[in-house]
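These notes concern the structure reproduced below.
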Amino acid sequence: MGYDGITEQNKSEKPYEGYEKSDQTFLRWYNHQKILNILRTAGPMSRIDLAKTSRLDKKTITNIVADMLAQGTVYVSSIQKPGNGRPKEILALSGDFYYCIGIDIGGTHVTAVLIDFAAKVLASKTIDLHSHVPPDTILNLCDLLVEFVLENSGLTMEKISSIGVTFPGVVDHKTGKSILAENLPDWNNVPVQKIFEDKYGKVVAVEDCSRTMALAELWLGDNNCENFIVFDLGLGIGCGIVINNNLFTGSNGKSGEIGHMIVEVNGPLCTCGRRGCIESLSSGWALSQQTQNLLNQGKCNILQNLISKSENTPNMKEVILAAGLGDESCQELLAKAGEYIGIGIANALSLFNPAKVILGGRLIKDNRFMLESIVETVRQQTIADIYRDAQIELSGIGDNASAIGAAILCLQQCYAS
Ligand SMILES: [Zn+2]
């Protein structure tokens, strides 16, 4: 096989396979990927600046850029005319070269996003779920969401190259099957990849939602560091670990199960069958149960006023809102949950010494009582030197991070090097 770069035919293949690293074809492919990644991370630039940044000679850059222009991965976005010098063509990634859809199936929502070759989000849509929804209905909701993002991007399904699907759980990466989806019990041992391949006729990649959240941070977050951990706080609790700018998946794809770190021996029963995991004390589902118990005891009066009309079990948005309105029981509940999460983060800091901990997910959104408690606990419970190395920040990407990461899961093969 000769060098083709990325073409319609081999978008899912690795063109260097079968070559030794000393082979010129491999080097050319490797340099091509290097330039693509520079344009992705640093933005549009001229050939001269590409040569400086990549440390490749100008002739190599000229050849690679010629290939890229012919393939359509880059285009000339503008022309700079410096004083007396020659005009410089500014090269940028062609967004329309490749499109991916990311679908995030959670316990309380389903989200779809559509991104282009430059990882720009062109459209997104979420449907909130207020009760248990069977898989068939979830799949129908996916159809609605996919239709929405296509329509709002002005695209048809033919233009989509691949689809990333994410959910909270462990994935068998060889088969694309869910091994365990604790907070989506209907999705245990389900051939997720095959279902979506059959459904949409596209290449499908599957991954855990905390990992895809970390992938979104790696590509699109304003992080400027190579080692960080993303805590995904929602109905369940997970984390995505980035080491040396790479997502760490573990020896068998099961890293990041921080929600099942035990922080209270003989604590409440967890979905994993053990007791006292962070998730059994501080996750969305655990806090829902704890709130219900408080309501049964006649506490959480402000919350009670908020939910009395609908007579639903309180959801975490309502609990966070009640805390903000001065409901002391809700404030204490969120602060206590933050302590356990803080202990988990302190332990993770000691283990990995990351430069940053990013907090994402719907449970931490607008939740200052939990956030303050997390930050204070981490400060108290971490060795001072290690604490000083790390910043704790809220994710700047927002609610769609996992879905965006699912789409990037597909897109990243174009940039693999
Ligand atoms: Zn557990």
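The values are calculated or read from the model by the stated rules, or taken from the named source; none is laboratory data. Because the structure is a prediction, the values reported are computed rather than measured. When we count neighbours, we look across all protein chains shown, and the Cβ atoms used for this are built from the backbone with ideal geometry, even at glycine. Accessible surface areas use protein heavy atoms only, side chains included; no ligands, DNA or RNA. Shrake-Rupley method; radii C 1.70, N 1.55, O 1.52, S 1.80 Å.
Quick check: is even one residue across the stretch 291-313 within 19 Å of ILE374 (Cα to Cα) and either at pLDDT below 95 or within 16 Å of the ligand (Cβ to nearest atom) (or both)?
Within the stretch 291-313, none of the residues are within 19 Å of ILE374 (Cα to Cα) and either at pLDDT below 95 or within 16 Å of the ligand (Cβ to nearest atom) (or both).
Only one of ASP186, ASP143, ASP198, ASP172 is within 23 Å of ASP399 (Cα to Cα), open to solvent by 30 Å² or more (accessible area, probe 1.4 Å) and not polar (S, T, N, Q). Can you tell me which?
Residue meeting the stated conditions: ASP143.
What about ILE278, is it modelled with pLDDT of 95 or more, within 24 Å of ILE386 (Cα to Cα) and within 16 Å of the ligand (Cβ to nearest atom)? Walk me through how you get there before you give the answer.
On the way: modelled with pLDDT of 95 or more: yes; within 24 Å of ILE386 (Cα to Cα): yes; within 16 Å of the ligand (Cβ to nearest atom): yes.
Criteria met by ILE278.
Need at least 3 residues that are in contact (Cβ under 8 Å) with a residue 60 or more places away in the chain and open to solvent by less than 20 Å² (accessible area, probe 1.4 Å) per element, so show me which strands (runs of 3 or more DSSP E) inside the stretch 54-111 make the cut, counting only ones lying wholly within it.
Because the criterion is at least 3 residues that are in contact (Cβ under 8 Å) with a residue 60 or more places away in the chain and open to solvent by less than 20 Å² (accessible area, probe 1.4 Å), the strands (runs of 3 or more DSSP E) in the stretch 54-111 that meet it are 99-105.
For the structure I just gave you, tell me whether LYS254 is within 15 Å of the ligand (Cβ to nearest atom), out of contact with any helix residue (DSSP H, G or I) (no Cβ under 7 Å at 6 or more places or on another chain) and of a type outside the set (Gly, Ala, Ser).
Numbers: within 15 Å of the ligand (Cβ to nearest atom): yes; out of contact with any helix residue (DSSP H, G or I) (no Cβ under 7 Å at 6 or more places or on another chain): yes; of a type outside the set (Gly, Ala, Ser): yes.
It is true that LYS254 is within 15 Å of the ligand (Cβ to nearest atom), out of contact with any helix residue (DSSP H, G or I) (no Cβ under 7 Å at 6 or more places or on another chain) and of a type outside the set (Gly, Ala, Ser).
Say whether the condition of being at pLDDT 95 or above, within 20 Å of GLN412 (Cα to Cα), within 16 Å of the ligand (Cβ to nearest atom) and crowded, with 17+ Cβ neighbours inside 10 Å is met by at least one residue in the stretch 210-229.
yes
Being among the aliphatic types (A, V, I, L, M) and within 13 Å of the ligand (Cβ to nearest atom) is the filter here; which residues of the stretch 236-251 pass it?
Passing the criteria: only ILE237.
Within the stretch 169-205, track down each residue that is within 16 Å of the ligand (Cβ to nearest atom) and of a type outside the set (A, V, I, L, M). Give the steps one after another, and end with the answer.
Taking the stretch 169-205 first, the residues within 16 Å of the ligand (Cβ to nearest atom) are 169-170, 179-185, 188.
Passing the criteria: GLY169, GLU182, ASN183, PRO185, ASN188.
So in the stretch 257-274, with the set limited to residues that are near the ligand (Cβ under 8 Å from one of its atoms), under 18 Å from ASN347 (Cβ atoms) and more than 21 Å from the chain's Cα centre (by Cα), which one is surrounded by the fewest Cβ atoms within 10 Å (Cβ to Cβ)?
Among them, the one singled out is ARG274.
Among the residues of the stretch 358-369, are any open to solvent by less than 60 Å² (accessible area, probe 1.4 Å) and part of a helix (DSSP H, G or I)?
Checking the stretch 358-369: at least one residue is open to solvent by less than 60 Å² (accessible area, probe 1.4 Å) and part of a helix (DSSP H, G or I).
From the list LEU218, LEU235, pick out the single residue that is in contact (Cβ under 8 Å) with a residue 12 or more places away in the chain and in contact with a strand residue (DSSP E or B) (Cβ under 6 Å, 6 or more places away or on another chain).
When all the criteria are applied, what remains is LEU218.
Please name all residue pairs, on different chains or six or more residues apart, with Cβ atoms under 7 Å, provided the first residue is in the stretch 377-398 and is open to solvent by less than 40 Å² (accessible area, probe 1.4 Å) and the second residue is assigned to a helix (DSSP H, G or I) and among the polar types (S, T, N, Q).
That search, which allows pairs on different chains as well, returns THR382/SER350; ILE386/SER350.
For LEU233, work out the one condition from (1) more than 16 Å from the ligand (Cβ to nearest atom); (2) modelled with pLDDT of 95 or more it doesn't fulfil.
Result: LEU233 fails condition (1) only.
Filter the stretch 323-355 down to the residues that are open to solvent by 10 Å² or more (accessible area, probe 1.4 Å), within 28 Å of ALA214 (Cβ to Cβ) and not in a helix (DSSP H, G or I) and list them by number.
If the condition is that a residue be open to solvent by 10 Å² or more (accessible area, probe 1.4 Å), within 28 Å of ALA214 (Cβ to Cβ) and not in a helix (DSSP H, G or I), then ASN353, ALA355 are the ones that fit.
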